[in-house]
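Have a look at the structure below, then the notes.
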Amino acid sequence: MILPGDRPPQRGFRPQTLILLVVGVLAVAACAAIFWPGTGAVTTLVVPEGAGARRLARDFRSAGVLSSEKPFLFWTKVRGAGGKIHVGRYSFKSGRSAFWIVSDLIGGRTEKIKVVIPEGWASWQIADRLQSEGVCDGTAFLDIVKAQKLEGYLFPATYELDAGLSAASVAKRMRDKFDQVWTPELAARAQQIGMTKEQVVTLASIVEREVRVREEGPMISAVYHNRLNKGMR
């Protein structure tokens, strides 16, 4: 019963409620900052082989992808990104959080480069194409081919490669492809005709350099095959 002159108690805004509201707003803002996918203009960057987290943080900040290096370095450490970052070309939307950028790098969400190496190409032609496509330095590639004596072992095929790869990695990929194709059956056939793998590679390289018309291939191959059997060069 309310007596005349009595006022009902007013329910004010409790301090605890205000604190919870502020904490909630800050939590939402923090989550948005951490997990924001980015919605602005796209920036394309290449992550080269051997680049560490600190170098990438500097490069990304210089390019405007990161506003601060610290969140990026924090997430690379928390997620153990060392050794897990994939080489390649990436496209990042402005405003993308450091969390998602690190996720992209670990997941290897790169833009692949399709490189076609035709049959019969010399190593210098392969080097020119790799450099023109932005995969690796052509001169460094030729140095690797010469040092490791890979002429003839660079298998012609269509490769999906990443920008920023080292010349050594690209050369290894092409040599590995050759080893996949050089099956035990092919090795046995070479042995039947008295040829080693090195002799077969030498013969193939010579024929590829000298053939001008596809129909001439068998004839030129037969000539050099006879020379190899006689120990001639």
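Here are the numbers for this structure:
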{"read-out": "Qualifying trypsin sites (Lys or Arg not before Pro) in segment 122-188, DSSP loop, other Cβ atoms within 10 Å at most 15", "value": "Lys149"}
{"read-out": "Residue order, fewest to most beta carbons within 10 Å, for Met174, Met195", "value": "Met195, Met174"}
{"read-out": "Listed residues Ala140, Ile113, Gly164: farthest to the positive end of the dipole of segment 113-181 (Cβ charges)", "value": "Ala140"}
{"read-out": "Net dipole in debye of segment 113-181 [+1 Lys, Arg Cβ; -1 Asp, Glu Cβ; about Cα centre; nearest 20]", "value": "140 debye"}
{"read-out": "Which of Val46, Ser103, Val87, positive extreme of dipole for segment 36-107 (C-beta unit charges)", "value": "Ser103"}
{"read-out": "Cα-centred dipole magnitude for segment 36-107, charges only on beta-carbon of K, R (+1) and D, E (-1), debye, nearest 20", "value": "160 debye"}
{"read-out": "Gain upon complete extension [Val42, Phe74; 0.36 nm per residue less C-alpha separation]", "value": "9.2 nm"}
{"read-out": "Loop-located GluC sites (Glu not before Pro) in segment 52-139, at most 16 other Cβ atoms within 10 Å (DSSP)", "value": "Glu111, Glu119, Glu133"}
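Every number here is computed from the coordinates shown, using simple stated rules; none is lab data. In this text, all values refer to a predicted model and were calculated from it rather than measured experimentally. Every residue, glycine as well, gets a Cβ built from its backbone with ideal geometry; the counts of neighbours run over all protein chains shown.
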